[in-house]
Amino acid sequence: MSDRRTISVTINGEAYEREVETRLTLADFIRHEVLLTGTHVGCEHGVCGACTILLNGRTARSCLMLAVQANGQEIMTVEGIAPNDTELHPLQQAFQDNHGLQCGFCTPGMLTTLIEFLGDNPDPTEREVREAISGNLCRCTGYQGIVAAALDAAKRLKGKETAGA
Amino acid sequence: MGAKMFGARVARLEDPRLLTGRGSYTDDFHLPGMLEAAFVRSPHSHAKINGIDTAAAKAHPGVVAVYTVADLPEYLRDMTVPFQVPNPAISQPFQQRLLEDREVCFAGEPIALVVADSRYNAEDAATLVEIDFDILPGASDCKSALDDNAPMCHANSSNNEGAKYTVGYGDVSDAFANAHLTHREEYWIHRGGGFAIENRAVVAEYNELQDMLTIWSATQSPFLVKQNVVDMLGWESDKVRVIAPDVGGGFGPKTIYYVEEALIPLVAKELGHPVKWVEDRRENFLATNMERDQYWDMEIAVDAGGKLLGVRGKMTHDSGAYMPWGIISPYISATTLPGPYILPAYELETRVALTNKVAVTPVRGAGRPQAVFAMERLMDRAADKLGIDRVEIRRRNLIPTEQMPYALGLIFRDGKPMTYDSGDYPKCQVEALRIADYEGFRARQETARAEDRHIGLGIANYVEGTGLGPFEGATVRIQPSGRICIYTGGGDSGQGHWTTLAQVAADKFGVGIEDIDVQKGDTGKIASGVGTFASRIAVNAGSSVHLAATEVREKALKVAAYMLEAAEEDLDIVDGRVVVKGADLSVGLAEIARAVQGMPGFSLPGGVEPGLEATHYFSPSQSCYCNGTAVVEVEVDPETGWVDILKYSMAHDSGTLINPFVVDGQVQGAVAQGVGNALLEWMIYDDNANPVSASFAEYLLPSAPETPNVDVVHIESPSPINPLGVKGAGEGGTIPAPAAIMSAIEDALSPWNVVISGAPITPSMIVEKVRAGS
């Protein structure tokens, strides 16, 4: 039970080395050891998606992973999405502008899921967005604002690319 | 002056924090020396406890304490949760003890509490608590629970009836004697829950130096938590502070006060360490209150033209094992049934059954979806039997707007006669049908049928009592910085109170909402409060903000008149400054606020009392009544039973809107919950009342692909009984959804004469009905 290992992970560009119990979930490690509490735990059985993080750029449910499995890997959480302390990422801005959140509890998982999705599919249809977030439960919004935000963000991100090119 | 804020479609002030992971939910608190708790809960729906052995648990590494009933202070061992809303109709008001050591009456009832250095160790130790049970039969289905030979929910009772009452008015016998047509049918609506994505959570810290106990709880109602802690534990009210920080969804179940909210503070004080308990999802399925299970045996009487003559029947309501909120839900059900229709005679007998399940208390909609389901199904049946269109029969019975205010003849849960204060029900139905393109529907249906596709349209109307009293207050204070702060008692679990309450105050000071802070859900910031439930904050807190901000504005003008040596009537407030109209002379709110802080030895300017602030507790004379119409178009696959909602249209009248953007979101989210109730969510128990759907793999919440977009049209009939004209908007979307969806499915499957009398309906149930009809 008290088997412990030392692990090193990079979270949002910052390196962390900690000795942890081998049974500690990655979600609990991020929230209660590193104290990045933006990642939320809603079901602890991999259905609700609130704990979704990006592990080496791909979505993963941090409630279904052990912290030791993340050893040597790179994680991005909701705290790492915005470019700085005062500005929002275009996806975050689209969430605010489209009323894509109410209580905010599922939001971190929605954002990380959509970061990956919009990276893979920069010009999605509404149906594709709905499928992409089908593993993330929201009880407040009825998803309408979230879907609108994702479609709006796709446009904004494309515009940014064009502007930057 | 800035743009008018009240009524504006503005984005929320709450969002940037929540979007960047900077929210602070209860589980985000990490206090020095904090311990963590886990509960040992009954694995049986009903059992006698012969003995509890905690020796092995106490010896487990990291364990600090294990509490059973015997470990509680003596005065708390038989203490039960305070009975919140007594009613003479209640004959057996069973309430839960803090912990149980004699008889457990639902699976999930807490028996022991383990406190350890980590949740992991606490959970390990919880599994080591040995309990000797004699398993007893459980009362499961609420209708069978009232049979003579049913197992008893509480072993020492002689029956499972918790309450019985009849509501009604008019001469029902006469109505049925003179009817052209009657129809009788039994309806069933099954149990589901709120299922906020954040589970319940409590952190408590006792500060010995200040002799102060602070409780952070994921609650909708911090003042109710405080009141119950004070009542149960016997602590002084001014030594307890309850804070609802960011709360990850509420939907009703977090309104209620739970034993965990007494036990965690109790052990935190006793152990001299902060203690945290965070419910896991399994506990949430077992031990957080649910709602909805009801049977309705109903009969409708109409004349030849489809005009209502009377409705009568009997309803059986599942209360679960305890009745912490008495008969609130079934009473709301009983008084919701007449809805927007002129119903000359009505009688409903309600029997409330005790069953071995977690208690039933309001979940978004609060008894209303069931009543609307029964009434709207009856309307559909009467229409079908008379050969009248389902829309037309409703049109013929809607209360005309000229008859507002309309006295119904019933008493609502607030104890006041039910009087619909305002509303245009015919217009609401017309508008919903317009945005649904009802005119073009039958042609769409024919075209679809020619392609062997089965589409159908359903409609449902409802009226909902909102803005429940007695009050929710607000303090509006201009700080020495000039920044405006609003304090109010109800918690926010996603409603956006910061934004909407700021919108109520902003125009009084000519400022934007970003100049206003709202601190909510903290018993340390305002003297009294109630909570965020019953769609009551806009009406109660909103009106209080309006009254307090108006008073602060008047005071600012009075003091400014003195400071500027001008007449009050020559002053206005623009961009947070009091200006002399037509002159280049002004004073900022910050300077006024500092002036009324006082200077030792000097009089306050204008002889006012100190502080640029005011507090009001608006108390409505009665509930105000929101209403709406849902029109749903579905496509059903008769082979697979799959229901695809093609178009969901809703006309919604919650009076004057503070922020249409926020209200849209409330309606959309509420509809999604109604879709869950209609098609997915089903809390299943076995014959002994043991839960068998206690995870999100078995209990299905609506996810994005099957949740429809909702076209919302707002009708604004201002309420005459509060200064803002607002009504509640948080629950309306849920209420008519199951009724409208079932109506649409029946219409789609009319070639097979499919009849639906219950909710939820699953694909396999639909396939069975199609096969039976073909």
Checklist entry - Does A:Val147 qualify as being under 23 Å from B:Tyr648 (Cβ atoms) and open to solvent by less than 10 Å² (accessible area, probe 1.4 Å)? => result yes
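A quick yes/no check of all residues on (1) open to solvent by 20 Å² or more (accessible area, probe 1.4 Å); (2) outside the structural domain of A:Lys160 (by TED's automatic domain parsing); (3) assigned to a loop (DSSP other than H, G, I, E, B):
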{"position": "A:Ser8", "(1), (2), (3)": "yes, yes, no"}
{"position": "A:Glu17", "(1), (2), (3)": "yes, yes, no"}
{"position": "A:Val20", "(1), (2), (3)": "no, yes, no"}
{"position": "A:Arg23", "(1), (2), (3)": "yes, yes, yes"}
{"position": "A:Arg31", "(1), (2), (3)": "no, yes, no"}
{"position": "A:Leu36", "(1), (2), (3)": "yes, yes, yes"}
{"position": "A:Val41", "(1), (2), (3)": "yes, yes, yes"}
{"position": "A:His45", "(1), (2), (3)": "yes, yes, yes"}
{"position": "A:Gly72", "(1), (2), (3)": "yes, yes, yes"}
Checklist entry - In the range B:609-667, what residues are open to solvent by 10 Å² or more (accessible area, probe 1.4 Å) and aromatic (Phe, Trp, Tyr)? => result B:Tyr617, B:Phe618, B:Trp642, B:Phe661
Item to check | Filtered residue count, the range B:423-440, keeping only those that are surrounded by 20 or more Cβ atoms within 10 Å (Cβ to Cβ) and either of a type in the set (A, V, I, L, M, F, W, C) or at pLDDT below 95 (or both) | outcome: 4
Item to check | Filter result for the condition that a residue is open to solvent by 20 Å² or more (accessible area, probe 1.4 Å) and either modelled with pLDDT of 95 or more or part of a strand (DSSP E or B) (or both), over B:Leu501, B:Leu547 | outcome: B:Leu547
Next on the checklist: On the basis of being surrounded by 22 or more Cβ atoms within 10 Å (Cβ to Cβ) and of a type in the set (Val, Ile, Thr), does B:Val225 make the cut?
Outcome noted: yes
Checklist entry - What number of residues in the range B:687-715 are within 10 Å of chain A (Cβ to nearest Cβ), open to solvent by 20 Å² or more (accessible area, probe 1.4 Å) and among the β-branched types (Val, Ile, Thr)? => result 1
Checklist outcome for this item: The correct count of residues that are without any contact (Cβ under 8 Å) to a residue 60 or more places away in the chain and assigned to a loop (DSSP other than H, G, I, E, B) in the range A:74-99 is 11
Checklist entry - Does the range A:102-121 include one or more residues that are aliphatic (A, V, I, L, M), within 9 Å of chain B (Cβ to nearest Cβ) and either within 12 Å of the chain's Cα centre (by Cα) or open to solvent by less than 10 Å² (accessible area, probe 1.4 Å) (or both)? => result yes
Item to check | Residue that is farthest from the other protein chains (Cβ to nearest Cβ) [pool: residues in the range A:71-88 that are small (Gly, Ala, Ser) and under 21 Å from A:Ile7 (Cα atoms)] | outcome: A:Gly72
Checklist entry - So which residues in the range A:128-146 are part of a helix (DSSP H, G or I) and either more than 7 Å from every other protein chain (Cβ to nearest Cβ) or hydroxyl-bearing (Ser, Thr, Tyr) (or both), if there are any at all? => result A:Glu128, A:Val129, A:Ala132, A:Ile146
Item to check | Criterion: surrounded by fewer than 24 Cβ atoms within 10 Å (Cβ to Cβ) and of a type in the set (A, V, I, L, M) - qualifying residue of B:Leu271, B:Leu308 | outcome: B:Leu271
Next on the checklist: Residue under question is A:Leu35, and the condition is that it be modelled with pLDDT of 95 or more, at positive phi and facing chain B (nearest Cβ under 9 Å); does it hold?
Outcome noted: yes
Checklist entry - Taking A:Phe105, is it among the aromatic types (Phe, Trp, Tyr), in contact (Cβ under 8 Å) with a residue 40 or more places away in the chain, touching a strand residue (DSSP E or B) at 6+ places or on another chain (Cβ under 9 Å) and outside any strand (DSSP E or B)? => result yes
Checklist entry - Restricting to strands (runs of 3 or more DSSP E) lying wholly in the range B:153-258: which have 2 or more residues that are within 14 Å of chain A (Cβ to nearest Cβ)? => result B:201-207
Checklist entry - Within the set of pairs 6 or more residues apart or between chains, which connect a residue that is at the interface with chain A (Cβ under 7 Å from one of its Cβ atoms) and closer than 16 Å to B:Gly249 by Cβ inside the range B:12-30 to a residue that is of a type in the set (S, T, N, Q) and assigned to a loop (DSSP other than H, G, I, E, B) with Cβ atoms less than 7 Å apart? => result B:Asp28/A:Thr37
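Yes or no, residue by residue, for (1) out of contact with any helix residue (DSSP H, G or I) (no Cβ under 8 Å at 6 or more places or on another chain); (2) surrounded by fewer than 24 Cβ atoms within 10 Å (Cβ to Cβ); (3) within 14 Å of B:Leu378 (Cα to Cα); (4) not assigned by TED's automatic domain parsing to the domain that holds B:Glu109:
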{"position": "B:Ile300", "(1), (2), (3), (4)": "no, no, yes, yes"}
{"position": "B:Gly326", "(1), (2), (3), (4)": "yes, yes, no, yes"}
{"position": "B:Tyr341", "(1), (2), (3), (4)": "no, yes, yes, yes"}
{"position": "B:Pro344", "(1), (2), (3), (4)": "no, yes, no, yes"}
Checklist entry - For the range B:164-186, which residues satisfy the criterion of being within 28 Å of B:Ile327 (Cα to Cα) and charged (D, E, K, R)? => result B:Lys164, B:Asp171, B:Arg184, B:Glu185, B:Glu186
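The values are calculated or read from the model by the stated rules, or taken from the named source; none is laboratory data. No experiment lies behind these values; they were computed from the predicted model shown. We place every Cβ from the backbone using ideal geometry, glycine too, and count neighbours over all the protein chains shown. Areas reflect the complete protein model, heavy atoms only, side chains present, ligands, DNA and RNA absent. Shrake-Rupley method; radii C 1.70, N 1.55, O 1.52, S 1.80 Å.
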